[in-house]
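Written out below as structure tokens is the structure these notes cover.
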Amino acid sequence: MRLEATVPASRGEAVDKLVRELGLSRSQVIDEALSLFLKAIHELQQGRRLCIVDPKTSMPACELSTPTLSAIEWALRRERLELPLEALQKMQELIDAPAEPNKRLRAAARRLAKAK
């Protein structure tokens, strides 16, 4: 299957460098990268993380992460939130009758409007 992607120039240069250093084709490098990404997603779905292990100590040296992997990890962490009835009632009261804006809030709104 043929795939096309647009990547930053720096990443494209890194791919070309790997192609030269390892004697692989661009397709092979991209296939390897996709294989690692798919494995990372699978492990996240199993509740695990990926890390680099120091061969001398067998201890994790660093964790592998990307913005997408982090977002998926957070999305997979679902926890039930239980609030006391009083807290829910207070939230509803605040929604139904929000407080009037004070001087600090008005000043912040003006600063935000000027920044745009």
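Quick note: the coordinates plus some simple rules give every number you see, no bench work behind them. Quantities reported herein were computed from a predicted structural model and do not represent experimental measurements. Here the Cβ positions follow ideal geometry from the backbone for every residue, glycine too, while neighbour counts run over all protein chains shown.
Quick notes on this structure:
- Residue pairs meeting the criteria (Cβ under 7 Å; at least 6 apart or on separate chains; first more than 22 Å from residue 37 (Cα to Cα), in region 66-83; second exposed (fewer than 10 other Cβ atoms within 10 Å of the Cβ) and not β-branched (Val, Ile, Thr)): none
- Qualifying residue in region 37-49 (condition: more than 23 Å from the chain's Cα centre (by Cα) and either in a helix (DSSP H, G or I) or of a type in the set (Asp, Glu) (or both)): no
- Filter result (touching a strand residue (DSSP E or B) at 6+ places or on another chain (Cβ under 9 Å) and acidic (Asp, Glu)) within region 24-72: 54, 63
- Filtering region 8-32 to residues that are assigned to a helix (DSSP H, G or I), aliphatic (A, V, I, L, M) and surrounded by 13 or more Cβ atoms within 10 Å (Cβ to Cβ) leaves 14, 15, 18, 19, 29, 30.
- Residue count, region 50-97 (criterion: surrounded by fewer than 10 Cβ atoms within 10 Å (Cβ to Cβ), within 16 Å of the chain's Cα centre (by Cα) and part of a helix (DSSP H, G or I)): 3
- Any hit, region 90-111, residues being under 27 Å from residue 33 (Cα atoms), free of Cβ contacts under 8 Å to residues at least 60 places away in the same chain and polar (S, T, N, Q): no
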